[in-house]
Amino acid sequence: MVCIAAFIILLIVGIFVAFISIFKPKVGKRYLKTLKKSWGCFGKRLTLQKCETGFGDDVKNTVLSKLVLKNPKLVKPASVAIEVASILVVVITVWSLVEGAKASLALWTLGTCNVQHPDSCALGAEVCSIDGSGEPSNPIEYVGQWFADWGEIFGAIPDKFRDWSVSNFDFTGIRTKAEGEIDAIDIFDPGCVVCQQSYTAQKNSGFFDSHNVLLVPYAIPTDDGYKFQNSELAVRYILATTKYESDVKDAGLKIIDRIYTGKSEDHKSYFSLYNDEYSNEEAKEKLQEWLKEFGYSDEDIQQIDDISQNGDITEIFDYHNDLVKNNIHAKGIPTMIYDGRKHTGKFEVK
């Protein structure tokens with residue numbers, strides 16, 4: 001084990017030796033000689049053969065030689081300490097490689113290197129994360145979660161090779177164009193700032209002009225409710241407008257646009273007001289105020305409110321949640337499907 005640990009340490013030290021050898025070539029030559037000898041022993045260990053070079057003993061003898069002269073009684077415990085340290089170096093290295101492989105695979109399959117908390121991955125797309133279960137409270141839960149992460153990663157590998165045609169997904173949402181075939185799906189949360197930025201970028205870039213997008217409102221669920229305090233209410237009202245027959249057109253689209261891009265009379269962003277300042281009751285009053293402005297009567301608004309609370313809308317919530325998590329395997333919002341691909345994170349203008 002000592003020779004394996006020594007080889008790992010030599011590889012790490014080699015980064016600095018490479019720089020030093022520019023100025024002192026002899027240092028580099030001595031390092032390469034030692035590394036070659038270490039590799040000979042390391043290679044034998046990997047193939048479960050006996051290390052004939054004695055490199056591990058050479059390392060221990062070099063470390064212990066001075067201790068023998070000063071305090072011979074400490075040689076044996078020091079030798080044990082070296083073995084323990086060697087085991088720790090090897091275990092930590094193997095664990096780092098496994099975790100690195102796990103993060104890389106997760107980034108490739110799920111778009112994030114952190115399966116449980118996607119928005120904490122600096123390498124992934126900018127998203128409002130759909131977090132997994134809470135932090136494990138004991139080692140058994142941690143191990144179970146670790147293997148569950150691998151299960152999610154391997155379960156998402158087929159997604160890289162599947163057909164991402166929008167016709168394969170039966171979402172309920174708001175069309176950006178009344179006529180024509182839907183050719184893009186945009187799953188968003190009304191309380192997600194990344195979704196707001198993404199929507200604005202899509203609108204300003206002409207994406208909604210070149211594509212017929214199905215906007216799918218989705219409230220990110222948590223263990224005790226929803227991630228953003230007024231998202232559920234907004235989603236229910238937006239979906240309710242699709243279930244209520246009326247001469248008023250595009251009410252759901254107008255609500256989305258008002259939340260994301262509108263401003264109040266005192267020039268405050270409705271997105272900030274709706275998600276940060278309004279209570280649930282104030283948010284409902286504002287939605288009803290907008291519906292009246294869009295052309296609904298008081299009786300219409302009452303019926304839309306009733307529809308928003310009934311079981312049909314709840315079924316859509318559950319169905320969308322199942323699609324997002326178990327079919328699309330989205331780990332963050334917004335998630336878009338267009339041009340035969342799944343796109344995770346904020347829309348980027350090309």
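The values are calculated or read from the model by the stated rules, or taken from the named source; none is laboratory data. Predicted model only: the values in this text are computed from it and were never measured. All Cβ positions, glycine included, derive from the backbone under ideal geometry; neighbour counts span all protein chains shown. Accessible surface is based on the protein model in full, side chains and every heavy atom, while ligands, DNA and RNA are left aside. Shrake-Rupley method; radii C 1.70, N 1.55, O 1.52, S 1.80 Å.
One table, with the values for the structure above:
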| item | result |
| --- | --- |
| Residues located in segment 106-123, provided they are open to solvent by 50 Å² or more (accessible area, probe 1.4 Å) and assigned to a helix (DSSP H, G or I) | Leu107, Trp108, Asp119, Ser120 |
| Meets criteria (at pLDDT below 95 and among the acidic types (Asp, Glu)) for Asp186 | no |
| Matching entry among Asp339, Asp257, Asp276 (being under 19 Å from Ile187 (Cβ atoms), loosely packed, with under 13 Cβ neighbours inside 10 Å and modelled with pLDDT of 90 or more) | Asp339 |
| Residue within segment 131-143 that is open to solvent by less than 70 Å² (accessible area, probe 1.4 Å) and at pLDDT 85 or above present | no |
| The one condition in (1) open to solvent by less than 50 Å² (accessible area, probe 1.4 Å); (2) over 17 Å from the mean Cα position of the chain (by Cα) that Glu299 fails to fulfil | (1) |
| Checklist (1) open to solvent by less than 10 Å² (accessible area, probe 1.4 Å); (2) farther than 24 Å from Glu299 by Cβ; (3) not acidic (Asp, Glu) applied to Ala234, failing item | (2) |
| Single residue of segment 134-175 satisfying the filter (part of a loop (DSSP other than H, G, I, E, B), of a type in the set (S, T, N, Q) and free of Cβ contacts under 8 Å to residues at least 24 places away in the same chain) that is nearest to Tyr338 (Cα to Cα) | Ser137 |
| Selection count, segment 88-105, where residues are open to solvent by 30 Å² or more (accessible area, probe 1.4 Å) and under 12 Å from Trp146 (Cβ atoms) | 3 |
| So Ser308, is it of a type in the set (Ser, Thr, Tyr) and out of contact with any Leu (no Cβ under 9 Å at 6 or more places or on another chain) | no |
